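The values are calculated or read from the model by the stated rules, or taken from the named source; none is laboratory data. Given the structure is predicted, the values throughout are model-derived calculations rather than measurements. As a convention, Cβ positions derive from the backbone with ideal geometry for all residues, glycine included, and neighbour counts pool all protein chains shown.
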Ligand SMILES: [Zn+2]
């Protein structure tokens, strides 16, 4: 490995950090973080108060980056979650034909009537692409595997991606589109958080004979789900519920003030006034995101 290669990776790390995305070294030519696994934690140094993950240790500090990248051509691990970003990772099918991740994502966008804006994009050595988006404030999203589609993963909290310039299996990650990062479209927030079993928050659109009854049932189901949710997943559940109700607001079948009032009441039932301001912020953001992607109530059969 040449000094030039090492210098290029150092620059790549500095550039990502300069954009507010923390970095951590990965073993040269791999996707493996240069750090121990929790099972082998020595309990010293950075882990003196319990095991620290690369996500906790990733840095924006240029001096630390120059020092860390001075000895080897470390690949550059980048952590979208803490940076308020998400990476939509569209892969190629490993075997056989069929649509690749990028085609699946475009199909999904068309299905849901959502935009798929141009955004900062990196190509991967396997022929895939990483689309970088900004996550709306108040939404904390986790990375997903084969959740949005069979060849579409997401990298957010709890996962990482590789910066352009990193190398893997004889190829390089390369900047493909240096457009500034777009905000994550509402329909992709929804696709990232919804459960396959969540009927009302899901993408299946059934013909509705009595919209009023349908809307009332949706309002009750979504707010009940929020009310019942134990600590831990509340933010995600609230985000999903408010988004789903926002879609009904956008479709002009549910009154916005009623949706907001019911969501506020559901959150109040948690008995956590200390998080009220944040929770109300999530409600506003997700209601608005849903309203921008209205549900087609009388649309096609499921
Ligand atoms: Zn440790």
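Just a few scattered comments:
- Between 191, 241, 217, the distinction of being over 26 Å from residue 135 (Cβ atoms), modelled with pLDDT of 80 or more and in a helix (DSSP H, G or I) belongs to 217 only.
- Conditions (1) part of a loop (DSSP other than H, G, I, E, B); (2) within 30 Å of residue 247 (Cβ to Cβ); number of the one not met by residue 89: (1)
- Selection of first residues in region 45-65 that are in the same structural domain as residue 162 (by TED's automatic domain parsing) and without any contact (Cβ under 8 Å) to a residue 24 or more places away in the chain and of second residues that are within 8 Å of the ligand (Cβ to nearest atom) and not in a helix (DSSP H, G or I), restricted to Cβ pairs under 7 Å at least 6 apart or on distinct chains, gives the following pairs, ordered by first then second residue: 46/52; 47/41; 51/41.
- Checked against the criterion of being surrounded by fewer than 12 Cβ atoms within 10 Å (Cβ to Cβ), under 16 Å from residue 296 (Cβ atoms) and modelled with pLDDT under 90, the candidates 207, 230 yield just one match: 207.
- Every pair of residues 6+ apart whose Cβ atoms lie under 6 Å, when the first sits in region 90-103 and is within 18 Å of residue 120 (Cα to Cα) while the second is part of a loop (DSSP other than H, G, I, E, B): 90/128; 91/128; 91/151; 101/91; 101/151
- Scanning region 126-150 for residues being over 16 Å from the mean Cα position of the chain (by Cα), closer than 22 Å to residue 179 by Cβ and surrounded by fewer than 18 Cβ atoms within 10 Å (Cβ to Cβ) gives a total of 1.
- Where residue 101 falls short, out of the listed (1) modelled with pLDDT under 95; (2) out of contact with any helix residue (DSSP H, G or I) (no Cβ under 6 Å at 6 or more places or on another chain); (3) over 24 Å from residue 58 (Cβ atoms): (1)
- Applying the criterion of being surrounded by 18 or more Cβ atoms within 10 Å (Cβ to Cβ) and over 26 Å from the mean Cα position of the chain (by Cα) to the residues of region 31-88, the residue that is nearest to the ligand (Cβ to nearest atom) is 68.
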